[in-house]
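Okay, structure first, notes after.
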Amino acid sequence: MKEAFKAIKVTDNVHWVGAIDWAVRDFHGYLTRRGSTYNAYLIMADKITLIDTVKAPFKDELLARVSALVDLEDIQYIVSNHSEMDHTGCLPDVIEAVKPEKVFASPNGVKALESHFHMGREIIPVEDGGTIDLGNMELTCLETKMLHWPDSMISYLAKDELVFSQDGFGMHLATNERFADEIDESILDFEAAKYYANILLPLSGFVTKLLERVGRLNLPIKIIAPDHGPIWRQDPGWIIGRWAKWAAQEPTKKAVIVYDTMWGSTEKMAKAIGEGLTAGGADVKLMKLRADHRSDVVTELLDAGALIVGSPTINNNIFPTVADLLTYVKGLKPVDLIGAAFGSYGWGGEAVRQVREILEQMNVEIVGDDTRAKYVPDGDALDCCHALGRQVGERLVEICTAEAAAR
Ligand code: FEO
């Protein structure tokens, strides 16, 4: 199999040898509508080195791409930058096939690989800032703990001014184009934002610190080669700038209304609140949870300043799709949001209070009172919804104006 799967040249020394997953749609709860790639790279140094592997079912694709360049036994080193199984699932099989002289990981990576695969073989820990001598070139490893796992590290090939950034600066996007400059910018923008919102958002403080550290190190960076999505070779500053902006989490006057509905009443309320938000000066996005996936809601929240959540009451509780959304969003720890809770009910009406309490646990500044409508909202109830929307919108504009003045 020398023709079907090729390695793609990134530089004179580095080739992409990963796999394309056109069909994946559920990435541990994240809707990957455009699929993904699991990137791995081969450094053609004196010590031929494989950077990361791929998800287990894609092992043959990885090995075929490697074999298009070298015999498997020619690989002397494997570096595992991140132990999550989309990058290590086939590592034991690859080690078996390649029989490398050495396998490297961060100190936490060594422990994580043993806990995952129980291989009982030596994995060599590389300390933060440590180097791996590849003969005619050198790889420098920097730990990036909690970006996004404790084991994560990036490795820097000074000879090519290239960073192997593992999950960093990646996106879930299956394409036959390997480089960002070959792909429509609007697709890059959306998928990069979605990836950041769903994976990195709660770790934004670590992102800011990493960007500051890389700035202090003053490393020349010509190419960023992540483990998912396209390689950044023309303008790596494009994705670095976006990560810096998203990590800062500065709110805009965008308000996201997210809701579900049983018989259309909570939906009517959502629409009236949306009209009120517009009247109050906010930009509005309505998202119905049986039409919009939780991971798309979080993407919209990335630059939003308000989250307004609507739920009918069912069996004295929050509607299941809304409870799912709130659990997911709470874990991603968005900051500096204002918000409100609303919903229709038949008798108990507990859901609105329960929603508001979860928003409070997320440190959302609650604006206005819980807004409920019995069975079907009449004109007065919809006017109350409109008034709530206007109140949230005006508060959001006030916050954004004050922040702009302070900058
Ligand atoms: Fe792409 Fe954290 O694995």
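The values are calculated or read from the model by the stated rules, or taken from the named source; none is laboratory data. It should be emphasised that the depicted structure is a prediction, and the values quoted were computed from it without experimental measurement. A quick note on method: Cβ atoms are made from the backbone with ideal geometry, for glycine too, and the neighbour counts reach across all protein chains shown. Keep in mind that these areas ignore ligands, DNA and RNA; they rest on the heavy atoms of the full protein, side chains included. Shrake-Rupley method; radii C 1.70, N 1.55, O 1.52, S 1.80 Å.
Please verify whether PHE190 is open to solvent by 20 Å² or more (accessible area, probe 1.4 Å) and more than 14 Å from the ligand (Cβ to nearest atom), treating the condition exactly as stated.
Yes, satisfied.
If only residues of the stretch 30-48 that are surrounded by fewer than 21 Cβ atoms within 10 Å (Cβ to Cβ) and in contact with a Phe, Trp or Tyr (Cβ under 7 Å, 6 or more places away or on another chain) are counted, the one that is farthest from MET85 (Cα to Cα) is LYS47. ALA255: of a type in the set (A, V, I, L, M, F, W, C), at pLDDT 95 or above and more than 22 Å from ARG33 (Cβ to Cβ), yes or no? Considered against the rule, which asks whether it is of a type in the set (A, V, I, L, M, F, W, C), at pLDDT 95 or above and more than 22 Å from ARG33 (Cβ to Cβ), ALA255 comes out as yes.
Condition test on ASP324, is it at pLDDT 95 or above, acidic (Asp, Glu) and in contact with a helix residue (DSSP H, G or I) (Cβ under 7 Å, 6 or more places away or on another chain)?
So ASP324 fits the description; yes.
Scanning for something more than 27 Å from GLY331 (Cα to Cα) and of a type in the set (A, V, I, L, M), does the stretch 21-39 turn up at least one residue? The answer is no; no qualifying residue exists.
Taken together, GLU185, GLU138 contain a single residue that is more than 15 Å from the ligand (Cβ to nearest atom), farther than 30 Å from LEU31 by Cβ and open to solvent by 10 Å² or more (accessible area, probe 1.4 Å), which is GLU138.
With the condition kept exactly as written, say whether any residue in the stretch 85-92 is touching a residue at least 40 places away in the same chain (Cβ under 8 Å) and away from the ligand (no atom under 16 Å from the Cβ). No: zero hits. For ALA68, the stated conditions hold: it is more than 26 Å from the chain's Cα centre (by Cα) and either crowded, with 23+ Cβ neighbours inside 10 Å or modelled with pLDDT of 95 or more (or both).
Inside the stretch 271-297, residues that are hydroxyl-bearing (Ser, Thr, Tyr) and open to solvent by 30 Å² or more (accessible area, probe 1.4 Å) make up a count of 1. Selection over the stretch 374-395 of residues that are crowded, with 18+ Cβ neighbours inside 10 Å and either under 12 Å from ALA272 (Cα atoms) or not assigned by TED's automatic domain parsing to the domain that holds ILE308 (or both) gives a count of 9. Of the candidates ILE154, ILE132, the single residue that is within 16 Å of the ligand (Cβ to nearest atom) and either open to solvent by less than 40 Å² (accessible area, probe 1.4 Å) or touching a residue at least 40 places away in the same chain (Cβ under 8 Å) (or both) is ILE154. Does at least one position in the stretch 298-316 carry a residue that is at positive phi and surrounded by 15 or more Cβ atoms within 10 Å (Cβ to Cβ)? No, every residue in the stretch 298-316 fails to be at positive phi and surrounded by 15 or more Cβ atoms within 10 Å (Cβ to Cβ).
Assess whether THR11 counts as being open to solvent by less than 30 Å² (accessible area, probe 1.4 Å), among the polar types (S, T, N, Q), closer than 25 Å to TRP232 by Cβ and away from the ligand (no atom under 16 Å from the Cβ). Spelling it out, THR11 is indeed open to solvent by less than 30 Å² (accessible area, probe 1.4 Å), among the polar types (S, T, N, Q), closer than 25 Å to TRP232 by Cβ and away from the ligand (no atom under 16 Å from the Cβ).
Residues being under 24 Å from TYR41 (Cβ atoms), surrounded by 19 or more Cβ atoms within 10 Å (Cβ to Cβ) and in contact with a Leu (Cβ under 6 Å, 6 or more places away or on another chain) are represented in the stretch 226-240 by at least one member. For the stretch 60-84, the set of residues classified as of a type outside the set (A, V, I, L, M, F, W, C) and within 16 Å of the ligand (Cβ to nearest atom) consists of SER80, ASN81, HIS82, SER83, GLU84, listed by residue number.
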